[in-house]
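Trainee: I'd like to ask you about the structure that follows.
Any read-out appearing in this document is the output of simple, stated calculations on the displayed coordinates, not a laboratory observation. For clarity, every value in this text was computed on a predicted model and none was experimentally measured. Cβ placement follows ideal geometry from the backbone for every residue including glycine, while neighbour counts extend to all protein chains displayed.
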Amino acid sequence: MRISFLIALPAIFFQSIAWGQSANIDRKVDSVLALMTLDEKIGQLNQLSSDFVATGPITPDGDKQDRVRQGKVGSYLNMTGAARTRSLQAIAMQSRLKIPLLFAQDVIHGYRTIFPIPLAEAASWDLSIIERSARIAAIEAAACGIHWTFAPMVDIARDPRWGRVMEGAGEDTYLGSLIATARVKGFQGKGLGSLDAVMACAKHFAAYGAAEGGRDYNTTDMSLRRLHEVYLPPFKAAADAGVASFMNSFNDINGIPATGSSYLQRTLLKGDWKFNGLVVSDWGSIGEMINHGYAADMTDAAKKAITAGSDIDMESRAYAGQLADLIKRKEVNESVIDDAVRRVLRKKFELGLFDDPYRFSDEAREKAAWNAPEHRQAAREMARKSIVLLRNDSIKKISKPILPLSNVSGKKIALIGPLVKAIGDNNGFWSYSWPDDSTRIVSLWNGMENKLGSTKNLSYAKGCELTGSDTSGFAAARLAARRSDIVVISVGETGNMSGEAKSRSDLKLPGMQEQLVKEMVATGKPVVVLISAGRPLVFNWISENVPSIVYTWWLGTEAGNAIADVLFGDYNPSGKLPMTFPRSEGQIPIYYNHFNTGRPFKNDTDNIYVTAYTDLRNSPRYPFGYGLSYSKFEYGKIVLSADSMSVGGSIRAKVTITNSGTYAGEEVVQLYIQDVAASLVRPVRELKGFQKIRLAPGESREIEFVITEKELAFYQEDLRFMAEPGQFRVFIGGSSAAEEGISFWLKAR
Ligand code: BGC
């Protein structure tokens, strides 16, 4: 009793300090608000963009600087660099109330030092290193005058046709929620106000990733239960982690554009979740409600968006143009505007901008962060942990796998393919190019050269372009292959083929690349294929005919070094797929935690009246959670601490994992649970825990997962989150296809 009192005291003490600070900020916010004219308030809700076009046409808007001077702009997008932000801030300081601007940017996977695309980082299943990646991005961005990143994207995505899968954490809600938390913590560091913290933004609220047909910006339609169970938890996790802002989204959900959804923004986010940060629209999404057919004109759009809780208008100019009239006509209450403005001002106070509007625009700090070697080192580590080894079979010639290449040291390697010497592609979508990038980004060729210390044992032929039908380079590629002992082929998408507005209906390797791989295999030389892409691709022939396949995504500045580390075994690959890889586009959407049907597919029966395709197996090419290592991990039998637990209790599941290979390596041990029969149909299994462990050759370790009611609960028909008594099945293994299942019972209290 006494001990717990002593422990509780500091917590209460600090909470009251935090409360005191927040009450203090609220008072300051109110004092500024009291001075503001209606036009100045609306100005705070108006976000302009610099002339750098990222994702859409810039709205023409006369003299933007003059608007800043008049206090008609609250935040600015795509304006970066200590000098540029400082000079624009100086103009804001000429406005009547001298309210500082917020500078925002899409810092998605690194700023100056580019880290792997977020989907690749998710493949590491390593939360601390993902947090560090966001931390470094924040350090670099904040040093260049940026206060706010439009990241993390926490949209669950089950459709690889959607180009934006590259920007999120993949298909799983549990993993996605943990990664959302890690990224928010990384961006916001010790908290807003630190000079190296930027405001994070959970986007796109909500269900943008469920776009029908995988076509960007498309409509979504789903039950409220699915929305709560699958799509909302990563947003809730971000809110719980203290994310400073949310961005709504382009799509409609069940007929209501997210930007105009009161249910999402007012009832849930600002109501049930008590979110006191700000909500920004997506680019032009307020005006786009007219195209949706949800708003009659810009006035109607502005009214619907602000009423629904969308605080800042990015690039629609709907608020700047319409809100004043709407208030005069009493169609919108000024208290609604006040609430939105308060949210913006509060962040400006928290960032310390009212004390010093230039505090982030510091050229000396910018210079120091610009070339920090430890950032590159971290990027390399993140990149190698993102790589997924898909196949590494023994080949006859050497009676062992080709990888790691140290198995075959001293041999001549032909590097073939259109991506071997690619530079800019390595950055992938949502990254910035700086004038010296071509000297900084490490291509595969350079990475191999760095590793070997020379190009003596390397040869190169491009073979073909990434797209198009030209095969005139095949002959040179064949020759290079024949003169070598091993052929490493680098194929994939261009770095720009996944991302916003990059939906694809055909997920096969573009151009003549698969043909190039076939030509190389036909030489009879041992072949390794590296696939670089921003999404799961479909590459059946390669899967079936190439003994060693490595998925390298887009890995950023240190790509080539990281790939060479993995190829030569200086890093033993440990990545696991954060999305299911289909055999064919026709299987999409395909995800591991689907519902069962009344006629489940079974391998061992001739009954055709089951859920199946007549021309294709149901199973994916590679399941969620899958990824190999140069080590071999063997799982023992799952042992439960009891065969039942009561509501409120817990049960422990243990399993022993042995590294029976010859390399030390890391394994992501995954726990899946199935609710066997419930009042609503439940997924065939769901990820509920994982641990990433490192084992020396021959080492065994017992891993324990504690299962509580939380792991068994689900959203009931009335959206209550609770577990139901009954039977549960537990699976533990190295992917979502883990076979070993054991049951226990949850008993009513
Ligand atoms: C994207 C957002 C992004 C915004 C600003 C939009 O097109 O959907 O994710 O933050 O542009 O660049």
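Trainee: Quick one: what are the phi-derived ³J(HN,Hα) couplings along the range 508-517, Karplus 6.51/-1.76/1.60 with θ = phi - 60°, whole Hz, x for glycine and proline?
Mentor: My calculation for the range 508-517 gives 7, 4, x, x, 9, 5, 5, 4, 4, 4 Hz in order.
Trainee: Hey, another quick one. To the nearest µm²/s, what D does Stokes-Einstein give for the range 371-587 at 20 °C and 1.002 mPa s, using the Kirkwood radius over alpha carbon pairs as Rh?
Mentor: 124 µm²/s
Trainee: For a 30 Å ceiling on Cα separation, which of these pairs sit above it: 185/710; 347/502; 274/747; 412/692; 64/421?
Mentor: 347/502; 274/747; 412/692; 64/421
Trainee: Continuing with this model, one more query. Report the FRET efficiency, 1/(1 + (r/R0)^6), for residue 609 and residue 677, where r is their Cβ-Cβ distance and R0 is 30 Å, rounded to 0.05.
Mentor: Plugging the Cβ-Cβ distance into 1/(1 + (r/R0)^6) gives 0.85.
Trainee: Separate question: Given the DSSP H assignment, sum -39500 (n - 2.57) over each helix run of at least 4 residues in the chain and divide by its residue total; what's the result at 222 nm in deg cm²/dmol, nearest 500?
Mentor: Dividing the helical sum by the residues of the chain leaves -9000 deg cm²/dmol.
Trainee: How compact and how long is the range 221-294, expressed as Rg and Dmax of its alpha-carbon atoms in Å?
Mentor: Expressed in Å, the Cα Rg and Dmax of the range 221-294 come to 12.3, 36.
Trainee: Cα convex hull of the chain: how many Å³ per residue?
Mentor: Cα convex hull per residue, to the nearest whole number: 181 Å³.
Trainee: For the range 351-489, what is the convex hull (Cα atoms) projected area averaged across all directions, in square nanometres?
Mentor: Its Cα hull, projected and averaged over all orientations, spans 12.5 nm².
Trainee: Continuing with this model, one more query. Please give every one of the lysines within straight-line cross-link reach of residue 330, meaning a C-alpha to C-alpha distance under 21 Å, and leave out same-chain neighbours fewer than 8 residues apart.
Mentor: Reachable lysines: 41, 303, 304.
Trainee: Taking every Cα atom in the range 517-647, find the radius of gyration and the maximum pairwise distance Dmax, and write them in Å.
Mentor: In order Rg, Dmax, the Cα atoms of the range 517-647 give 19.1, 62 Å.
Trainee: How many nm is it between the label spots at residue 23 and residue 406, if each spot is 7 Å from the Cα in line with the beta carbon?
Mentor: 6.1 nm
Trainee: Taking the Cα centroid of the range 417-483 and of the range 261-304, what is the distance between the two, rounded to the nearest whole Å?
Mentor: One Cα centre to the other: 45 Å.
Trainee: Tell me which residues come under 5 Å, amide H to amide H, from residue 622 once H is placed; ignore anything under 5 positions away on its chain.
Mentor: It is 581, by chain and number.
Trainee: Students often forget the sequence filter, so: which aspartates and glutamates lie under 14 Å Cα-Cα from residue 328 once same-chain residues fewer than 8 apart are removed?
Mentor: 39
Trainee: Using a simple charge model, +1 on the beta-carbon of Lys and Arg, -1 on the beta-carbon of Asp and Glu, nothing else, what dipole does the chain show about its Cα centre, in debye to the nearest 20?
Mentor: The calculation lands at about 1260 debye.
Trainee: Just going by the charge dipole of the range 633-747, with Lys and Arg at +1 and Asp and Glu at -1 on Cβ, which of 671, 708, 732 is farthest out on the positive end?
Mentor: Positive-most Cα among the choices belongs to 708.
Trainee: Using the scaling law 2.2 N^0.38 Å as the reference, what is the normalised Cα Rg of the range 103-160?
Mentor: Taking N as the residue count of the range 103-160, the ratio is 1.15.
Trainee: Estimate the FRET efficiency between residue 545 and residue 475 by the formula 1/(1 + (r/R0)^6), using the beta-carbon distance for r and 22 Å for R0, to the nearest 0.05.
Mentor: Plugging the Cβ-Cβ distance into 1/(1 + (r/R0)^6) gives 0.55.
Trainee: To continue, here is another question. Sticking with the crude label model, points 7 Å out along Cα→Cβ, report the distance from residue 394 to residue 656 in nm, one decimal please.
Mentor: 2.6 nm
Trainee: For an R0 of 51 angstrom, estimate the FRET efficiency from the Cβ-Cβ distance between residue 335 and residue 505 and round to the nearest 0.05.
Mentor: Working from the Cβ atoms, E equals 0.60.
Trainee: Quick one, can you get me the convex hull of the C-alpha atoms of the range 260-316 expressed as volume per residue in Å³?
Mentor: Spelled out: Cα convex hull of the range 260-316, divided by residues, is 61 Å³.
Trainee: Of all DSSP beta bridges located in the chain, what percent are antiparallel, nearest 5?
Mentor: Beta bridges within the chain, antiparallel portion: roughly 55 percent.
Trainee: Using a basic spin-label model with each label point 7 Å from the Cα along Cα→Cβ, how many nm lie between residue 747 and residue 368?
Mentor: Between residue 747 and residue 368, the label points sit 6.2 nm apart.
Trainee: Report ³J(HN,Hα) in whole Hz for each residue of the range 445-461, in order, from the Karplus equation J = 6.51 cos²θ - 1.76 cosθ + 1.60 where θ = phi - 60°; Gly and Pro get x.
Mentor: Running phi through 6.51 cos²θ - 1.76 cosθ + 1.60 with θ = phi - 60° gives 4, 5, x, 5, 5, 4, 5, 8, x, 6, 9, 3, 9, 10, 9, 9, 8 Hz.
Trainee: Extension gain residue 595-residue 70, at 0.36 nm per residue separation less the Cα-Cα distance, in nm?
Mentor: Going from the current span to full extension adds 183.4 nm.
Trainee: For the range 633-747, place one equal point scatterer on every Cα, skip the solvent, and apply the Debye formula. What is log10 of I(q)/I(0) at q = 0.09, 0.16 Å⁻¹?
Mentor: After summing over all Cα pairs, the log10 values are -0.26, -0.72.
Trainee: Turning to a different aspect of this structure: Among 316, 290, 306, whose Cα projects farthest towards the positive end of the dipole of the range 265-322, with charges put on the beta-carbon of Lys, Arg (+1) and Asp, Glu (-1)?
Mentor: Result: 306, furthest along the dipole toward the positive end.
Trainee: Could you give me the ³J(HN,Hα) list for the range 472-480, computed from phi with Karplus coefficients 6.51, -1.76, 1.60 and θ = phi - 60°, whole Hz, x at Gly and Pro?
Mentor: 5, x, 4, 4, 5, 5, 4, 5, 4
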